[in-house]
Every structure is written in C-alpha cells, then in structure tokens.
Ligand code: CP3
C-alpha cells in the first residue's frame, strides 16, 4: 500500500490522517539531548551522518510517525556559500552579515554541493534504515527566509535589515535571492537524487512583506525553484510552508504547483480546508502550546483539525516546530488521538 503521507501528497484522501511534526527530532527527547551534548557545534552535528541519521530515526521509533524529516537546518545553504554560520547556545543562529556589495563579494557565486555531501549521505543511509512505509522528507528554506538571516546575520522579529536592503538596493538584494534560487534548486535536486520522497520549502517569514513585495521576493523565487525541480523530475512532491502568511499569500503559495500547503497555528483550518483547492493537501496546524498543555486543549485541538479536513487530502502537523518542554506522554496521546 502507498504510505498515507504520499497518498495525501498525491491528492488522494487516506483512510486515516497521516501525521508528522515539525522539529520532531529535537530537544524534547532525552535521547536527542544525550547525543547532542556530545557535539558542541550544531552544524558539525548536522554534518555527521551517523548522528543525523540516529536523531532522525529517534522520533520514528518512539511514535511511528507517517514521515521522517532528515535532520539538518535551513542555514546549511548560506554555510555552503561560504558565509560563516554559527549557533551559540540560547542565542539562535549567528552569521557574518551581508550588509552591502562588499559583503556579497565575500560569499561564493555558486553553492558548494561537496560541502553538503554529508547531508546526501545521511539521506542515503536513512533510505536503507527507515521502515518501507515511512517516507523521507527533505527541505530547504525559501530564498526570502534564508536571505533574512544572511543579511541580518541573526534572527530578528521584523526582518528589518533584509526589508531595508530590498527597498534601498533591490539590485543587490536580487542578486542574493538569485544565488539562493540557483543554490537551493541544486541542493534539493541532490536531495531528491539521494532518495527523499518529498521536499518542504520553509518560508518562515512570509508575514513581514507587503503584497507586491511578497510576490517579488517570496512567490517568484519559490516558483523558479519549483520549475527547476519539475524540470528535473516532473512528478516530484513539493510542500510549501508560508508561515505567518496572510490569506491571499497562502492561496498564492497553494497555486504555485505544490502538493501540500502547510499552515501555521493562526490559520483557521476550516477556512483553509475550503479555500485551498482540493487537489492540494492542507497540512497543520495544532498549536504547539496545546500539545504542551495536553488534556482538553489537546483533545479539542485534534478533533477540530480532523473535523475541518474530513474528506479532503490533509496531513496532521503542528502549526510550528515542537517545543523543548513538550511532555513525551502528550506526543503519545496526540498520535493516539489523530489515529483513533
Ligand atoms: O523538523 C525537523 O525535525 C528537521 C530539522 C529542522 C531543524 N530546523 C532542526 C533544528 C528544520 C526543518 C529546521 C528549519 C529551520 N531552521 C527554520 C524554518 C522553520 C521554522 O522554524 O520557522 C528556521 C527559521 C531555522 C533556523 C534556525 N535553526 C533557528 C531559528 C534555530 C533555533 C535557534 C537555537 O539556537 O535553538 C535553529 C536551530 C535548530 N534547528 C535546532 C534544531 C533541532 C535546535 C538546535 C539544538 O538542538 O541545539
């Protein structure tokens, strides 16, 4: 039988909602923390196939989710362009910011795929070790989201540095975006060659751009990546995640030729379920805090998503990554509720 996750991505309605969680490998699992403690550098951890494979498998062993997502990060792409990327504990990502034309000269014109060889090795090993009915997901960040980190050099709440560059020197900003389009397309094609069954494009900072700017810096670059992937493999399964996007931006993303659109916590699944064409699966969007709370909040949250998506292709997920203080027992309960 075709795995339920792939059924949903192919526009079919599985007999049961497939389920996986963003950041399902992570610090809420003691076995993750134990391994993670052995390697101080997060990127080194990501680039060690033996470790990346193991932490990808940990949540599958525990919860038998309907998909595994390769363990890595969206910021390996700037790293593979030669921009220094680091993760200081508790402070989030830190990059050497690209604030002007000289900054752009410090990074490579094309992505160094050899630098990402450990990611492709991780995928090949996972394809051997995962149960046959658990598809493997690859991913990258959308160019706009990755550019916000490259320009600011860190996470910010409003992405002012990238927005200011896009207004003040659109030509410079476009050349960063263009490099990311080409680099991300090449990176995802290598992931597909290595064996991933679907890819997700994370546009985490969709909210901060006015409509026409969103069209120019988010939709258009993402459309080019999708065209590049389809030129390589016409039936490749692609998911888009326009996090914090407005309703029109969600619908525009859904019409880019994706198989699924992921929805964040703030989206009313009843709206999305009817507004997104039924050929495109909806994915999401339980509040990670309802999962932490458990009890009635969890039961109700799951029931609402199941009711809203009944009879159409849909994938159960959280509206954002699972948080560190999530009790494992609540995740077990979640799986039971989604599958009951
Ligand atoms: O979902 C998964 O299980 C796959 C792995 C994955 C990670 N990050 C692992 C990770 C994925 C798909 C991501 C995507 C990602 N990374 C995004 C897009 C999705 C989103 O959350 O909006 C973004 C914006 C990033 C950048 C990033 N990486 C941030 C902001 C942080 C947190 C800062 C910090 O220091 O904790 C990371 C680090 C990160 N990426 C962790 C994990 C498990 C935590 C690192 C640790 O264990 O110390």
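The values are calculated or read from the model by the stated rules, or taken from the named source; none is laboratory data. All values reported here derive from a predicted model rather than from experimental measurement. Here the Cβ positions follow ideal geometry from the backbone for every residue, glycine too, while neighbour counts run over all protein chains shown.
A single entry from 198, 254, 206 fulfils the requirement of being modelled with pLDDT under 95 and in contact with a strand residue (DSSP E or B) (Cβ under 7 Å, 6 or more places away or on another chain): 206.
Only a single item in (1) closer than 22 Å to residue 69 by Cα; (2) touching a helix residue (DSSP H, G or I) at 6+ places or on another chain (Cβ under 6 Å) is not met by residue 226, and it is number (2). Among what's in segment 67-98 and is surrounded by fewer than 17 Cβ atoms within 10 Å (Cβ to Cβ), modelled with pLDDT under 95 and part of a strand (DSSP E or B), pick the residue that is nearest to the ligand (Cβ to nearest atom). Out of the qualifying residues, it is 92. Every condition in (1) buried (at least 18 other Cβ atoms within 10 Å of the Cβ); (2) more than 10 Å from the ligand (Cβ to nearest atom); (3) not in a helix (DSSP H, G or I) holds for residue 109 except the one numbered (1). For beta carbons closer than 7 Å, sequence separation of 6+ or different chains, a first residue in segment 43-61 that is without any contact (Cβ under 8 Å) to a residue 24 or more places away in the chain and over 12 Å from residue 29 (Cβ atoms) and a second that is within 11 Å of the ligand (Cβ to nearest atom) and part of a helix (DSSP H, G or I), the qualifying pairs are 45/36; 51/35; 51/45. Considering only residues in segment 149-164 that are surrounded by 23 or more Cβ atoms within 10 Å (Cβ to Cβ) and in contact (Cβ under 8 Å) with a residue 60 or more places away in the chain, the one that is farthest from residue 23 (Cα to Cα) turns out to be 150. Is there a residue being surrounded by 22 or more Cβ atoms within 10 Å (Cβ to Cβ), closer than 20 Å to residue 9 by Cα and in contact with a strand residue (DSSP E or B) (Cβ under 7 Å, 6 or more places away or on another chain) anywhere in segment 320-340? No: segment 320-340 contains no residue that is surrounded by 22 or more Cβ atoms within 10 Å (Cβ to Cβ), closer than 20 Å to residue 9 by Cα and in contact with a strand residue (DSSP E or B) (Cβ under 7 Å, 6 or more places away or on another chain). Note on segment 34-52: residues that are in a helix (DSSP H, G or I), more than 8 Å from the ligand (Cβ to nearest atom) and surrounded by fewer than 22 Cβ atoms within 10 Å (Cβ to Cβ) amount to 7.
Considering 57, 51, the condition of being over 30 Å from residue 15 (Cα atoms) and in contact with a helix residue (DSSP H, G or I) (Cβ under 9 Å, 6 or more places away or on another chain) is satisfied by 51 alone.
Could you tell me which residue of segment 299-319 is surrounded by the most Cβ atoms within 10 Å (Cβ to Cβ), considering only residues that are touching a strand residue (DSSP E or B) at 6+ places or on another chain (Cβ under 8 Å) and farther than 20 Å from residue 11 by Cα? Per the criteria, the residue is 318.
As for segment 14-22, it holds no residue that is within 13 Å of the ligand (Cβ to nearest atom), modelled with pLDDT of 95 or more, over 18 Å from residue 76 (Cβ atoms) and assigned to a helix (DSSP H, G or I).
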